[in-house]
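So the structure is just underneath, and the comments pick up after that.
Each reported figure results from applying straightforward, stated rules to the coordinates on display, with no laboratory input. Please read all numbers here as calculations on a predicted model, not as lab measurements. Don't worry about glycine lacking a Cβ; one is built from the backbone with ideal geometry, like all the others, and counts go over all protein chains shown.
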Amino acid sequence: MEFRILGALEVRAPDSTVLAVGGRRQQALLAFLVAHPDRIVSVPRLVDAIWDESPPATADRQVRNMVGLLRRLLGGGPGRVSPIRTDGPGYLFGGPEVRIDVQQFTALVDAAAQPGADRAARLREALALWRGPALDGLPGRALSAVAAGLEERRMTVLERLYEAESAAGRDELAITELTELVVAFPLRDGLLRHLLTALARCGRHVEGLAAYRRYADRLAEELGLDPSPRLRALQGELLGVADGERFEAGLAEPPARVPVSAPPPPYPRPAQLPWDLPFFIGRTAQLAAMDRYLAGTVTPGTDGPGIGTPGTDGPHRTSVLVITGIPGGGKSTLAVRWSHRAREQFPDGQLFADLHGWSPAGPQDPHAVLGAFLRALGVPAEDVPGRLDEAAALYRTTLAGRRVLIVLDNALDAEQVRPLLPGTGGCAVVVTSRDRLTGLVVREGAERIELVDFSPAEGRALVHRVLGAERVAAHEHAVTRLLDACGHLPLAVGLAVARLRDRPHHDLTGLAAELAAEGTRLDVLDADGDGPSARLRAVFALSYRALDEPAARLFRLLAVSPAVDLSAPVAEVVGGQDAAECARVLRRLANSHLLTEHAAGRYRFHDLVRLFAAERGAHQESERSRDRARDRWYAWCLHQSAAATGPLLAPRRPRVPLPPPPEGLRTTPFGGPEEALRWYDGQRANLLATVGHAFEHRNDEVAWQLPALVWPYLHRSGRHAERLALGRTALAAARRLGDPLATGRSLNDQGHAWSAVGDLPRALRHYEQALDQVRTAGAPAVEGQVLANLGAFRFFSGDYAEAADHFEAALRLLPADGPDADDWTVRLCEVSLAAVHAFLGRFEAARARAERLLAPELGLHDGILGCSLRNVLGLAHYAAGRPAEALRHFARSLAVSRRVTGFPDQEANSLAGLAAAQQALGRPAAARRSWTAALDLYRQLPAHYRAPVTLLTNLGFIPPDTDPDTDTDADAATPTPTLPNR
């Protein structure tokens, strides 16, 4: 399947059919995913991309709905699999059958840079993929930023093309094309530069001067700037030749020609850059960012950047760039690679110093580094001042007027770097550090690049480059496993493939299997007999040893806990410190890149760093300390989930009996369902990980209790796959305990989950097994809950009389008072009986029961059960020929259901009833809108949720024609319930 965004969004099926992609928001969502292939895109990022800063309250749900529609569209053909996959907190786009024009464009541009390639032909082939402006027609700031980046890449490739055409001697052809491009992009310095060069080579100097003057006038008028030095140099060449031509015609005396290059400077030009890594892979975006920050624009067709005029500071500013990131992330390698590309733009030399900020030897003294730099710049050793401030002043004086590139590798902090900065413009400084060096950003205006892990494509390219395509060809799956085990960390991937390169008889599959074992993974990735920089543990240890003891201890404890999404409240539970101190320590760990801040105040470990931290915990924390941290975490998850579950169901619903929390453990009450849902959203990843951790470590009480508490959240948020997975773990843990009550509860929850996804036979099997277990355990209150669910199942199946029997039996078992009182299930059974009366045709009895249950003192009128009762009243009035009264009840139900998260079936039922009432009242346009909205929701639900449509059609409702492809009668044939069940 082919996806195109170099122009308007276009999707082509394997047979080249163009697929129609929904409305503008659906198109924006798909375009944003296509623009970020093989990367997890979170739901909040998608919300921002679609709605900018004004998302509706239901934005998250709408995103999930749109993703579902896109999956059906993209995976709906024969042999097609949707390229959109759920992954952790968001969605992942890509797959072996996916072709994206941006990736084709990048591959062709990269191919053009290979030795022996026909550069111009490859670049023209790449540019031919563009069908218009990138993402044409899609609004929004996020997509505009993506489009701007793509357009900048297009312009860069255009400039490289004409550099290649010039090198091939095709200047006449270039002039024709460049003349049009300069008109289209009148302020693009690089295009004009190539046009002037081509005109000069073809002897058309006067035309070149005219083009220069038009550009200079427009630049001054629109931006108040002068042309760049390189353009002025070209003008000087054109003037010299043009004046010479006029002199020969007897018009003037020729002026002295302006030299293009200045004579070599009368001082040393150091060239201290270390060896450039031959297997450098990827980092295209970071190299482009360095081009922008440090050298203005990239000279087309060359490996290095050219000095341009970014901003109002012009070409004589000093640029400082900080490259920061996780240990082993490739910071030094990136700095050296860019510096070699750019060295020709710094004709007065390149200085390099390893500041040893994070090394066993300790940080270098800035004064010693200044002495070495001054000597390299021609200052005699005896003239280097003995004081730091004086040496720094002489250094700034010596650099004045020079164009020098200064690379400061492995800096400890801003204070170590500050004396080594030049004082005047013309120089560029690249600093690498594990610290974020915020002081340099704030005080010196430095730019910062946060280096992240390799993308899957970059990691795979490195494996292919080092091992060769032939050795890798039969082991592509093993490459994926190897990259995942390495956490896509550049140093780890490099160490793994180096190990294989040095062992030609070993294969990828075997190494991937070795790396899959967490207990030995760091052993495998420690290079034999090499220095500390090639041993992963040693690289991490340098950052770890720099921590103070509170930070080091929290680092260890967080790793031995199951928590994966770390925040101050989480750290407070695990470490036992107060939240404010934990927030400080987390920031400290993030500044050292031992944690990554993925959202404001929320952090996570890199997989390999977590393994290292867990090792430190095993060696430096006592078993009691580790157990205490884990037990506090388990208790907090259980008690905080219990506190959050109440508002999602009912205050008087018995939950899992829990032991009292440990002394000093603080839990937070919740003011309502919205607050509880927000907490669950924030802790979801932690809770899922904790269930798996508890089961793996045979803490079976936690492994079944936590899913029993979390299910209402997962149900209301539509995360049914996660709920089923947790339910399987809970059931296995309960059975391993041999506890019939825990087993019965887990079976009951799992039956409810299968019912929610439409698998009624599996739901029935789980309910029947649950009934046997809770009867064995002698738990009548839990038996009542199971019978209520069996009643809902019979309702789903259209056995309304039998459903009523189950609901009534459940009411006889459910206590009204005492510790086992269960208001939620009692009310649910009563509301369900009202619905049963309606579906049995007893509309007057249904109306009377619904009105009684909506009495203000029962408090059901403004919740999801109230929605169901309003729908029952609407059906009763519609059946009695009172459509106006029916309309009033359906509209009130719709208003409430749209406010209560997690019950799309109720909203759909309200809309269907509203459509029937509007049609009966002679409002066809309104009825069509309501019915269309109802269908949109029904399509996302299992088929058995459409029973109200069947009942309405039996009462005379004829659904409006909205979509000729929709077979509403077939969809509505299966009778289903209107109510949530549990």
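List of remarks:
- Positive-end residue, the chain charge dipole about Cα centroid, Cβ charges, pick of 677, 707, 778: 778
- Positive-end residue of 724, 108, 746, charge dipole of the chain with Cβ unit charges: 746
- Debye intensity ratio I(q)/I(0), log10, the stretch 375-483, q values 0.11, 0.21, 0.24 Å⁻¹ (C-alpha model): -0.57, -1.12, -1.31
- Between helix 780-796 and the chain: long-axis angle, C-alpha atoms, 0 to 90°, nearest 10: 80
- Magnitude of the charge dipole for the stretch 117-185, about its Cα centre and with charges confined to Cβ atoms of Lys, Arg (+1) and Asp, Glu (-1), is about 340 debye.
- Tensor-based shape of the stretch 784-878 (alpha-carbon gyration tensor, a/c under 1.5 rounded, otherwise prolate or oblate): oblate
- Separation of the stretch 32-99 and the stretch 359-401, taken as the distance between their Cα centroids, equals 54 angstrom.
- Stretch in the chain that is longest and holds no GluC sites (Glu not before Pro) that DSSP places in a loop and that have at most 10 other beta carbons within 10 Å: 54-662
- With contributions of -39500 (n - 2.57) from each DSSP H run of at least four residues, the per-residue ellipticity at 222 nm computed over the chain stands at -18500 deg cm²/dmol.
- Between 0 and 90°, nearest 10: helix 331-342 axis offset from the chain longest Cα axis: 40
- Positive-end residue of 191, 609, 639, charge dipole of the chain with Cβ unit charges: 639
- Once the C-beta distance of residue 520 and residue 817 is scaled by a Förster radius of 45 Å, the resulting FRET efficiency is 0.20 to the nearest 0.05.
- Simple Cβ-charge dipole of the chain, Lys/Arg +1 and Asp/Glu -1, about Cα centre, in debye nearest 20: 1020
- Anisotropy class of the stretch 557-608 from Cα gyration tensor, a/c 1.5 cut: oblate
- Cα long-axis angle, helix 476-485 against the chain (0 to 90 degrees, to the nearest 10): 90
- Within the chain, percent of DSSP bridges classed antiparallel, to nearest 5: 45
- Inter-centroid distance (Cα atoms) of the stretch 798-866 relative to the stretch 782-796, Å: 12
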